[in-house]
Amino acid sequence: MIQLEGVAKRFGEIEALAALDLEIRDGEWLGVLGRNGSGKTSLLRILVGLSQPSSGKILFDGQEPDTEAWRRVHRTLGFMPERVSFFEHLTGEKTLRYFARLKGVAQHEVAPLLAQVGLTAAAGRKLGGYSKGMLQRLNLAQALLGDPRMLVVDEPIEGLDADGAREFFEILKRVEGRTVIMSSHRVGMMSRYMDRVCVLNAGRVVALGTESDLHQTLDLPVRVTLQPSVESNGHLATALERLEIGSVANRNGIVVVSVSQRDKIRFLASLQSLEASIDNVRIEEPSLEEVLRETH
């Protein structure tokens, strides 16, 4: 388990992180979300030891690490940066063998890792001919060298299309039993895979929990779209307004009602009395993108 207590990071007059408190549970997948400048990269750099906090402390399993403890942490840590400089004239296999030597990892780990990320067939090809998705998979492979206990992953699907992003997550899902801390701008994709989400704004944690937790905490309205029946004779919106639950809008004959989370069940139950006036009902929970907008 990792605990950050009052962790702040300043660059001159700029405060990247502001007395941040955060607990990262062993084995969980934590998504770190926020706009550019929110503090995501500063947080990740501190977690992997590339940057030191200006104040506050980090605890690993309840202990504040000294120099030797940081070395032990690094031996059980995999870091996948957003951008890594690979040599285009080297093959995928030679590149991973190079990183294995840098990390002091046995060379026999290279071939299984290339297979794990789906690059066995391309292992002998030079990186200049690799696609963006292939380079990201090689980047993941170098992070997995040494079988790390914790993975810190920065913007792994930036620049990938939807298929490439799904493929990346499917590969990552095979990595079981590890703590994964990941930042990304691809909010919708992240929400499908993360156990919890941490939303940063101006260096502060403004929301933390599961997607459901965030919906409940922020009480973002549910949208209920109703297709009126012929029998409603154009009066469905008026009937819904009489219920005095939520905000009713008539959009080219389709009725849309915004209902708070606390009133959702009561509103849906009330529709039974209007059953003859309704042909179809669609319920839309607020997306994580909307949650993110609400916290800014």
Seminar exercise, completed: Sorted by chain and number, the residues with a modelled amide H under 5 Å from that of T210, at a separation of 5 or more or across chains, are V197
Exercise. Between R242 and Q216, what length in nm is gained on full extension when 0.36 nm per residue of separation is reduced by their alpha carbon distance?
Worked result: 6.8 nm
Exercise. Using alpha-carbon pairs under 8 Å, 6+ residues apart, how would you state the relative contact order of the range 221-285 in percent?
Worked result: 52 percent
Exercise. Once the Cβ-Cβ distance between K126 and R223 is put in as r, and R0 is 51 Å, what FRET efficiency do you end up with, to the nearest 0.05?
Worked result: 0.50
Exercise. Working out 0.36 nm times the residue gap between L59 and F11, then minus their Cα-Cα distance, what length gain in nm do you get to one decimal?
Worked result: 15.0 nm
Exercise. Between D279 and M1, what FRET efficiency comes out of the Förster formula 1/(1 + (r/R0)^6) with R0 = 41 Å and r the beta carbon distance, rounded to 0.05?
Worked result: 0.20
Exercise. So which residue, out of A18, A111, A269, gets the largest mean-square fluctuation from a GNM of the chain using Cα contacts under 10 Å as springs?
Worked result: A269
Exercise. Which cross-chain or sequence-distant (5 or more) residues have an amide H under 5 Å from the amide H of I157, H modelled 1.01 Å from N in plane?
Worked result: none
Problem set entry | Sequence-separation-based contact order of the chain, relative, with Cα cut under 8 Å and 6+ spacing, percent | 20 percent
Seminar exercise, completed: Comparing S273, S260, S212 in a Gaussian network model of the chain (Cα, 10 Å), the one with the largest mean-square fluctuation is S273
For this session: Pull up the DSSP beta bridges for the range 149-252 and report the antiparallel fraction as a percent, rounded to 5.
Result: 50 percent
Problem set entry | Among R251, R35, R266, residue whose mean-square fluctuation peaks in a GNM of the chain (springs only between Cα atoms under 10 Å) | R251
Problem set entry | Gain on full stretching of the segment that runs from A249 to S85 - 0.36 nm per residue minus C-alpha separation | 53.8 nm
For this session: Note down the nm distance, to one decimal, between modelled labels 7 Å out along Cα→Cβ at H235 and at D21.
Result: 5.6 nm
Seminar exercise, completed: Restricted to the chain, the DSSP antiparallel beta bridge percent, nearest 5, is 65 percent
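Every number in this text was worked out from the coordinates using simple rules, so none of it is lab data. Every value quoted in this text rests on a predicted model; they were computed, and no experiment measured them. In this analysis, Cβ positions are derived from the backbone assuming ideal geometry, glycine residues included, and neighbour counts consider all displayed protein chains.
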